[in-house]
Amino acid sequence: MEFNIITNNPEETRKLGKKISVLVQPGDLFAFYGELGVGKTCFIQGICYGLGVKEGVNSPSFTLINEYQGKIPIYHFDLFRLNGIDEFLDLGYEEYFYGKGLTVIEWAGKIEGFLPPDYLKIEINSVSYYQRRIIFKSTQKKYQVLIKE
């Protein structure tokens with residue numbers, strides 16, 4: 001199943017993330033795809049704020065992962081600066097991917113072979129300077145329900 005939506009500015013992208021946050025379940029994994037600067041972090045900020053995170057949510061570009069506490073734990077991976085699969089394996093990704101929180105991964109294409117079979121793929125593409133096309137894709141029933149909502 002696939003669903004597309006256009007946002008017109010970063011704030012709309014955050015609001016969409018916040019809307020989706022009410023549908024998040026512990027153990028969910030959202031894999032984000034898109035070029036640098038298209039709004040992956042904006043979308044994740046909306047999810048985090050919707051889940052009650054009070055602290056600032058930024059891309060963990062220099063640490064690879066940030067953890068936030070909201071209604072459920074949120075594990076925010078940013079693999080832009082990943083220096084190889086060994087560095088990723090050293091993170092102990094299984095604890096996060098199969099844990100009790102929400103895992104969100106920017107630049108998920110770098111570790112696609114390690115993603116579990118049930119995840120929500122979110123592609124963000126630039127349409128114009130501020131507009132973004134956000135495409136939700138999944139073959140898994142639980143995410144198809146989320147997409148329909």
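The values are calculated or read from the model by the stated rules, or taken from the named source; none is laboratory data. Remember, it's a predicted structure, so these values are computed and weren't measured experimentally. FYI the Cβ positions are ideal-geometry reconstructions off the backbone, even for glycines, and counts take in every protein chain you see.
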Within the stretch 3-54, work out how many residues are among the polar types (S, T, N, Q), touching a Gly at 6+ places or on another chain (Cβ under 8 Å) and either free of Cβ contacts under 8 Å to residues at least 12 places away in the same chain or over 21 Å from TYR130 (Cβ atoms) (or both).
1
For the stretch 49-93, name all the residues that are of a type in the set (Ser, Thr, Tyr) and either closer than 26 Å to LYS110 by Cα or assigned to a loop (DSSP other than H, G, I, E, B) (or both).
SER59, SER61, THR63, TYR68, TYR75, TYR93
Under 6 Å between Cβ atoms, which residue pairs at least 6 apart in sequence (or on different chains) link something in the stretch 67-78 that is in contact (Cβ under 8 Å) with a residue 24 or more places away in the chain with a partner that is buried (at least 20 other Cβ atoms within 10 Å of the Cβ) and in a loop (DSSP other than H, G, I, E, B)?
ILE72/GLY101; PRO73/GLY101; ILE74/GLY101; TYR75/GLY101
Is the stretch 91-102 home to any residue that is on the phi > 0 side of the Ramachandran plot, at pLDDT 95 or above and within 12 Å of the chain's Cα centre (by Cα)?
no
Might you let me know whether the stretch 14-35 holds any residue that is among the hydrophobic types (A, V, I, L, M, F, W, C), loosely packed, with under 15 Cβ neighbours inside 10 Å and not in a loop (DSSP other than H, G, I, E, B)?
no
Identify, please: which residue in the stretch 112-136 is among the charged types (D, E, K, R) and modelled with pLDDT of 95 or more and is, among those, surrounded by the most Cβ atoms within 10 Å (Cβ to Cβ)?
ARG132
Can you name the residue in the stretch 96-147 that is touching a residue at least 12 places away in the same chain (Cβ under 8 Å) and basic (Lys, Arg) and, of all such residues, is farthest from VAL57 (Cα to Cα)?
LYS142
